[in-house]
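Worksheet: one structure, shown below.
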Amino acid sequence: MRVVVVGIGAVGREMVRCLWQSSLPLNEEPLVLARTAREVTIDGKTIQVQEANPDALKVADIVFFAGTEGEKGAAKQFARPAIEQGAIVIDNGSDFRMVDGVPLVVPEVNPEDLEVLCGNGTVNLPGVGEVPQRYVANPNCSTIQMVVALKPLHDVARIKRVIASTYQAVSGAGSAAIDELENQAHQILHGRDPGEFKVHPLQIAFNVLAGANWRFEEAGYTNEEWKMVRETRKILHEPDLPVTVTCVRVPVFNAHAEAIYVELEKPLTADEAREILRNAKGIVVMDEPTQLPDGSAYRTYPTPLDASGRDPVYVGRIRNDPFNPYGLWLWVVADNLRKGAALNAVQIAEEIVRRGIVKV
């Protein structure tokens, strides 16, 4: 197989790493395209980045649109030539996620939605036009880890309502946001002014932002919050599921955390929920008593440091609502650059190959 990655920001770099580690039968290095040709170094290896152009897509079996450069118009510019030249497009950008006929896929949750690629249908992508249906959307990072945790519980006890608060790392806003947090923290710890805010509208170091750099939209919710609402409904095939979210940016470099409350149709004990999640694909439960040297004990739970650089979705703090027998709390943590973006896209490609949609 020949794959192309468009965009080499934080997500694009992680996507190249995930491709190196994947089970995809690649016969050569991924071709990396971006707005400008340049060299980048990933894990000590120099990558030659070419300027993005339609001719570079001619030999591709799968084209990934990744990172900041994939988010801001690259799919609108290059999706049509890639698809018309026979490639399947897997897009990490948000442009077409909610378009009718576009599969929005998390492989542990709704892999069967990829079967739409097997037919001879078409899909109308706004700003691109009608193209053969060879396009897949990668969901938002915070949506991905939430639905991975929700789906096993939904299958057993059916979820009636979701209330979530996110604690999102700055890497979700790209490489410049990581640099901004590091620079602000350095300045403040040395007694200096934090300097100009470029990515976030307010100081992010030693602070918590309930709006971050997201746009405020209807009903006072940000676009990030509405993404989680709409995408969760689409992925779970529950168009009327009540989902309400507060998204918060925290001064953490990488990996998002979420506090999720679900109301179920059938009561589950915390122990039953732990067992269901332990047996679910892609999930690691960290919710066990740990003995301290003084003889006391506490229950472990995942943190962003546990998840950063790793593939699974981690779940802990599983507990019942003491005032509602149908209520259950979860604490969900995952690497937003890997499972929340790059890894999920590569897993979509692996599922496409497994289903024989792309012949190898």
Only one of PRO111, PRO139, PRO132 is in contact with a helix residue (DSSP H, G or I) (Cβ under 7 Å, 6 or more places away or on another chain) and buried (at least 23 other Cβ atoms within 10 Å of the Cβ). Can you tell me which?
PRO139
Listed by first then second residue, the pairs whose first member lies in region 141-158 and is closer than 16 Å to PRO242 by Cβ and free of Cβ contacts under 8 Å to residues at least 24 places away in the same chain, whose partner is assigned to a helix (DSSP H, G or I) and open to solvent by 10 Å² or more (accessible area, probe 1.4 Å), with beta carbons under 9 Å and at least 6 positions apart or on separate chains, are none
Please find, among LYS266, LYS281, the residue that is among the charged types (D, E, K, R), over 16 Å from GLN145 (Cα atoms), at pLDDT 95 or above and part of a loop (DSSP other than H, G, I, E, B).
LYS266
Within region 248-274, work out how many residues are open to solvent by 20 Å² or more (accessible area, probe 1.4 Å) and either more than 25 Å from the chain's Cα centre (by Cα) or of a type in the set (Phe, Trp, Tyr) (or both).
8
Looking at (1) in a helix (DSSP H, G or I); (2) open to solvent by 40 Å² or more (accessible area, probe 1.4 Å); (3) farther than 23 Å from GLY172 by Cα; (4) in contact (Cβ under 8 Å) with a residue 24 or more places away in the chain, can you tell me which one ASP55 breaks?
(4)
Residue among GLY340, GLY316, GLY356 that is under 25 Å from ASP91 (Cα atoms) and at pLDDT 95 or above
GLY340
Being aliphatic (A, V, I, L, M) and open to solvent by 60 Å² or more (accessible area, probe 1.4 Å) narrows it down to one of LEU241, LEU209, LEU202, so name that one.
LEU202
The correct count of residues that are buried (at least 23 other Cβ atoms within 10 Å of the Cβ) and not hydrophobic (A, V, I, L, M, F, W, C) in region 142-158 is 3
Restricting to region 326-355, name every residue that is touching a strand residue (DSSP E or B) at 6+ places or on another chain (Cβ under 9 Å) and not in a helix (DSSP H, G or I).
TYR326, GLY327, LEU328, TRP329, LEU330, TRP331, VAL332, VAL333, ALA334, ASP335, ASN336
Could you grab me the full set of residues in region 319-337 that are over 30 Å from SER94 (Cα atoms) and open to solvent by 50 Å² or more (accessible area, probe 1.4 Å)?
ARG319, ASN320, PRO322, PHE323, PRO325, TYR326
Quick one: is ARG35 touching an Asp or Glu at 6+ places or on another chain (Cβ under 8 Å), over 17 Å from ASN138 (Cα atoms) and modelled with pLDDT under 95?
yes
Which residues, taken from region 159-173, are in a helix (DSSP H, G or I) and either open to solvent by less than 20 Å² (accessible area, probe 1.4 Å) or under 17 Å from GLU238 (Cα atoms) (or both)?
VAL170, SER171
Against the condition open to solvent by less than 20 Å² (accessible area, probe 1.4 Å) and among the aromatic types (Phe, Trp, Tyr), how does TYR221 come out, does it pass?
no
Keeping to region 11-52, report how many residues are open to solvent by 70 Å² or more (accessible area, probe 1.4 Å) and in a strand (DSSP E or B).
8
Scan region 276-318 for residues that are surrounded by 13 or more Cβ atoms within 10 Å (Cβ to Cβ) and of a type in the set (D, E, K, R) and jot them down.
ARG278, ASP287, ARG299, ASP306, ARG310, ASP311, ARG317
Pick from LEU125, LEU104: which is more than 30 Å from VAL248 (Cβ to Cβ) and open to solvent by less than 10 Å² (accessible area, probe 1.4 Å)?
LEU125
Going through ALA74, ALA87 one at a time, which residue ends up being closer than 22 Å to CYS141 by Cα and open to solvent by less than 60 Å² (accessible area, probe 1.4 Å)?
ALA74
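The values are calculated or read from the model by the stated rules, or taken from the named source; none is laboratory data. What you see is a predicted model; the values in this text were computed from it and never measured. Here the Cβ is made from the backbone with ideal geometry for all residues, glycine too, and neighbour counts use every protein chain on show. All accessible areas refer to the heavy atoms of the entire protein, side chains included, with ligands and DNA or RNA removed. Shrake-Rupley method; radii C 1.70, N 1.55, O 1.52, S 1.80 Å.
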